[in-house]
Structures are given as C-alpha cells and as structure tokens.
Amino acid sequence: MALGPSTSAWRDSQKLSADAKVGPSGNDAFSFWKLQEEWRSRLGAAIDESQATAERYLFELYLSEKQRRPPAALGSYYRFRNFIPRPLRHWLNSAAIRARGHGGFPNWPCESVLLDFWRDWLDRALRSLDVEDGWHIGFWPHNARCCIVLTHDVESPLGVRRMEKMADIEQKYGFLSSWNLPLLEYPIDWSTVERLRARGFEIGAHGLAHDGKLFRSEADFAELGRELQRLAREHSMVGFRSPSTLRRAEWIGTMAFEYDSSFADTDPYEPQPGGTCSIFPFRLGSLIELPYTLPQDHTLMHLIHRDPVPLWHLKAQWIAAAGGMILALTHPDYMGAGEHLARYEEFLKRLRDLPDAWHALPSEVADWWRRRSRMQLCISGGQVVIKGDNTSGAVAARLRNHPLCA
C-alpha cells in the first residue's frame, strides 16, 4: 500500500471534507452505514477518524500531489491527437501503458481495501457499544440488494449516430442510461438527443472537448469551467464526466452539477491512473461522486485486448455480492455496432438477471444518496423510525444481514 499523503494533500482533504458535509453527514463510517442516531455521541472520535481514513482513498490522497494531476505530457499528445489515425492512437496508448507499468495499488479489477475498512470499523464500533447488532438505513431504496447504472461517453458524430440503436437494446432488457456529450468538440445532432430524452434517457456533459485544457491550470479551469457549466445549464445537463477522466478532486467539487462520474474505483489504464477504491457513491464537495466501477470497453478492447463480457460479468458479480453500485462506462463509438453490440447485449442479459437490483439513472442515484445522507435513523418507543424531509424508499435493515457483515 502506498505511503501516506503529503501535508498539502491533507489540507485539500480537509477543505473537501468541510464542503462535503450536509448536516451531520460526510464521508465518515457512521454516515456510510447510516447508523442509529443514539450511537453518534458515543462514537464521536471514531467517526471523525474514519472520515480522514476513508477520504485518503476516496480523494486518491494515497497518491502524490503530482500523481493526482493530469500528466503534463498530455499537452503535447492533445496537440496532435486529431491528426493521428484512431488505430495508431490505440497502439500508442497501449504502448504507453505497458511502459508505465502498474504499482499494484489499487488492485485491478477489484480492490477491497475500503470495503474492508467499512466492515472492520463497524465491528469495532459494535464491540465498543457492547452490542451484537443494530439497525441502519439500507444503501439502496426499497431494500434493493445492489444498484446498476449504465453510462456512455459519446466521442464523435459516429457515436451519436449509434446512440439510439444501443438505447433500443437497453430498453429491451429494462434499462435506461445516460449519454455524456463533449459540448464543443463536434456538431451534435440535438434531435437525436431530444428523442432519447423523451424516452427517459439522461444526457450529461462530457466537458467541452478532449484537449486536456480544462484541468491544465487553475486559470483554465475558471474560464473553461464557467463556459462548460453555462452550456450544461442551457441543455439541462445535471451530470458531468471529464474527458479522458482527467480530474482534480478539489476543483470538480466546486462545480454546479448534481453529480460527477470522473473517478473509477480502480483504473490503472487511464491517462491519469488511480481510483477511489469505492463501489458506493460518496460526497465530493457539493456533488455526489458516482465512480465507474466496471472496466471501460475502450480499455479492454483496444488497450489490453481482452473480451469485455467475462471480466464485466466477474466484476458485476463481485460488486453485487458486496451490495454496491455496478456503474458501466461504454462508448457507442466502439461498442455500438456489429459484433461488439451483440456482446454488449449479452452482458445486458446477464445484468438483467441479477436479483433484487435497482436499475437507475445517475441522477436518480445522486438524488437518493443525497437524500439518504440527510436522513436519521432513531429508536423511539421501541420502534425503528427513519426521519427526514423525504424518506421515500428508505428501509431500516439489520446490520448483520448486510453482505459486508457476513
């Protein structure tokens, strides 16, 4: 496991932690489990300590400050990117990844360090309270076992033309999805977008363009971020994913979106490798972060040359067994036709067959996680009561019945 973060990294963490809290809720273990309020005062110090530990992973603070920024060399690559044929780009990216290697943490494709922490913290908390079991607010509405979210990044006009065919197949198996569009990279066929919206699909902002400029400097972020958020409001987009998943946690957390999905739970193959180690949503400043938790189609198909479906199925089963969020990130540009589309359909069949799974749009998950963070579970007159402005879908569950406690 990597060494601890630098002092400046911890200052970033504390700023984000303060911004992330809604009432008593943040990224601490008590808020993760949503335990009964009667225990809060007795667990005070342990709760505070748990937030610092969790955010070490969630905000990628186990990486150096330099590693938590987009690589400087990307600027040169993006200057020539559009002049390089796509197959050659894939080969160059694959060669760069092989040369870079992988430090071993976070493990890929499955990393359990944060799950282990949540479980161990709860065991210690129950022992300190001298109780065998207790109640918490279930992670997903209506007592769902896990959550499934389908998302897409649309890289080109070809991808736009393939959107509706992929959407047809998703609806066939009971899914809706979100489609993230770069707002200034190519002419967007907004009639296609509106037809998908009318069917219940979601549209998100995929930055302005794949040019690496958004996170190049604080001045660039201020200028380009302002334009990005203006265009997103104009097109009623409430979600964001950064182009190439480049990111600065302390900057993204200030953006006027309902949710972000620029982080993976673990992904050593992106231009900016790393991962939050989380298969659950969490707070990132004013946003809800929805990490993508399945390997990207582009990574599997073009960079490491593996059949996506077996690995997707393996990871989805692992996440479902832990009660987490299966969030897929695919590209209609690569996955939206021919044999690849047939393989995607095969995977959708497998997802459909996961029992007691909540099929949700990203905005629905973000809304649920935000509402859940504001709820309180109390024991009143021997009855378990969930309090909050909107507790629709909330279910009180026994801690020892959750798979993380098995």
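Descriptive notes on the structure:
- Fraction of antiparallel bridges per DSSP, the chain only, in percent to nearest 5: 35 percent
- Rounded to whole Å, sorted largest first: equivalent-ellipsoid semi-axes of the chain, Cα gyration tensor: 34, 24, 20
- Cα gyration tensor category, rounded, prolate or oblate, for region 361-406 with a/c compared to 1.5: oblate
- Charged-residue dipole, Cβ positions (Lys, Arg, Asp, Glu), the chain about Cα centre, Debye nearest 20: 260 debye
- Over region 206-281, the Kirkwood radius and the radius of gyration, each from Cα atoms, give a ratio Rg/Rh of 0.95.
- Using a Gaussian network model of the chain in which every pair of alpha carbons under 10 angstrom is joined by a spring, one finds that among L348, L43, L208 the greatest mean-square fluctuation is at L43.
- All Cα-Cα separations within region 144-363 were binned at 5 Å from zero, giving a P(r) of 1, 7, 16, 21, 22, 18, 11, 4, 1, 0, each value a whole percent of the pairs.
- Debye intensity ratio in log₁₀ form over the Cα atoms of region 93-251, taken at each q of 0.18 Å⁻¹: -1.17
- Relative contact order of region 143-268: 20 percent, from C-alpha pairs under 8 Å at least 6 residues apart in sequence.
- Filter on K34/K387; K165/K349; K213/K315 - keep pairs with C-alpha separation over 22 Å: K213/K315
- Distance from the Cα centroid of region 325-361 to that of region 239-314 is 16 Å (rounded to whole angstrom).
- For q = 0.13, 0.18 Å⁻¹, Debye-computed log10 I/I(0) when each Cα of region 307-406 counts as one equal scatterer: -0.65, -1.00
Every number here is computed from the coordinates shown, using simple stated rules; none is lab data. None of the values given here were measured: they were computed from a predicted structure. For neighbour counting, all protein chains shown are included, and Cβ atoms are generated from backbone atoms with ideal geometry for every residue, glycine included.
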